[in-house]
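The values are calculated or read from the model by the stated rules, or taken from the named source; none is laboratory data. Note that this is a predicted model, so its numbers are computed, not measured. Reconstructed Cβ throughout: ideal geometry from the backbone, glycine too, with neighbour counts over all protein chains shown. Just the protein is used for accessible areas: all its heavy atoms, side chains included, with ligands, DNA and RNA removed. Shrake-Rupley method; radii C 1.70, N 1.55, O 1.52, S 1.80 Å.
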Amino acid sequence: MSEFKASSLTKNQTFLIGGLLMLILITTRSHFFHHIQDASWAIFFILGFYLRSAIGLPIFLLAAFIVDLIVIESKGGESFCFTISYPFLAPAYGSLWLAGRWFSNHYSENLRGLLYFIGAAVVGITVCNIISSGGFYFFSGRFAETSMAEFAGRIARFLPMFMKTTVMYLAMAAVVHWAFIQASKFSQEARTS
């Protein structure tokens, strides 16, 4: 069996993956289960990896926006984070989607593939954090005075938390992906013997 390629997914597989990702996005972003952290950052990376059509990105951006509006409305219509800077989430999440897409094009089932996965995840998460945090810090109106030094300090303080959560979800997704690849190889070998 040749290595996995996202382009080889059937339409049904693509819809199944997209549906599962949407369910996870809605469930974790809405904090339906309060003890489960938001998986949005990992979702956008995984979306870029599996779904070849670029239409998935705006659909998931719209879904995230709708979930945020519903959550804000359920809390009385106000949110500290929902400001004029909110549109910065589109390029921030887009950077994760691009990182996932890049990794999909460089995927391999060896050490090099693992290093590419780690590199794409770290770069995607870091760029996402810089764009989303930078947009909020500099344009939200929540900070009377801004400086690059303070912004760098905020990145240093909050990036590890975002990195940990996103990497945790991506590691779980990688294990599930690996298990399906192994099951597929086993199934194909059983059919040919």
Restricting the stretch 1-33 to residues that are among the hydroxyl-bearing types (Ser, Thr, Tyr) and assigned to a helix (DSSP H, G or I), the one least open to solvent (accessible area, probe 1.4 Å) turns out to be 28
Counting only residues in the stretch 48-67 that are assigned to a helix (DSSP H, G or I) and not hydrophobic (A, V, I, L, M, F, W, C), the one nearest to residue 128 (Cα to Cα) is identified as 48
Cβ pairs under 7 Å, 6+ apart or interchain, first in the stretch 66-79 and under 15 Å from residue 40 (Cα atoms) and in contact (Cβ under 8 Å) with a residue 24 or more places away in the chain, second open to solvent by less than 90 Å² (accessible area, probe 1.4 Å) and hydrophobic (A, V, I, L, M, F, W, C), ordered by first then second residue, are 67/26; 68/82
- Query: If you go through the stretch 36-53 one residue at a time, do you hit one that is without any contact (Cβ under 8 Å) to a residue 40 or more places away in the chain and either aromatic (Phe, Trp, Tyr) or in contact with a strand residue (DSSP E or B) (Cβ under 8 Å, 6 or more places away or on another chain) (or both)?
  - Reply: no
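Given the options 160, 91, name the one that is out of contact with any Leu (no Cβ under 6 Å at 6 or more places or on another chain), open to solvent by 70 Å² or more (accessible area, probe 1.4 Å), under 20 Å from residue 40 (Cα atoms) and not acidic (Asp, Glu).
Selected residue: 160, the only one of 160, 91 that is out of contact with any Leu (no Cβ under 6 Å at 6 or more places or on another chain), open to solvent by 70 Å² or more (accessible area, probe 1.4 Å), under 20 Å from residue 40 (Cα atoms) and not acidic (Asp, Glu).
Looking at residue 123, is it surrounded by 13 or more Cβ atoms within 10 Å (Cβ to Cβ), touching a Phe, Trp or Tyr at 6+ places or on another chain (Cβ under 9 Å), without any contact (Cβ under 8 Å) to a residue 40 or more places away in the chain and within 28 Å of residue 27 (Cβ to Cβ)?
yes
Here's the yes/no breakdown for (1) closer than 25 Å to residue 18 by Cβ; (2) touching a Ser or Thr at 6+ places or on another chain (Cβ under 7 Å); (3) assigned to a loop (DSSP other than H, G, I, E, B):
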site: 90; (1), (2), (3): yes, no, no
site: 95; (1), (2), (3): yes, no, no
site: 98; (1), (2), (3): yes, no, no
site: 116; (1), (2), (3): yes, no, no
site: 135; (1), (2), (3): no, yes, no
site: 156; (1), (2), (3): no, no, no
site: 168; (1), (2), (3): yes, no, no
site: 178; (1), (2), (3): yes, no, no
site: 189; (1), (2), (3): no, no, no
Picking from 70, 36, the residue that is assigned to a loop (DSSP other than H, G, I, E, B) and among the β-branched types (Val, Ile, Thr) would be 36
When (1) modelled with pLDDT under 95; (2) part of a helix (DSSP H, G or I) are applied to residue 42, the one that fails is (1)
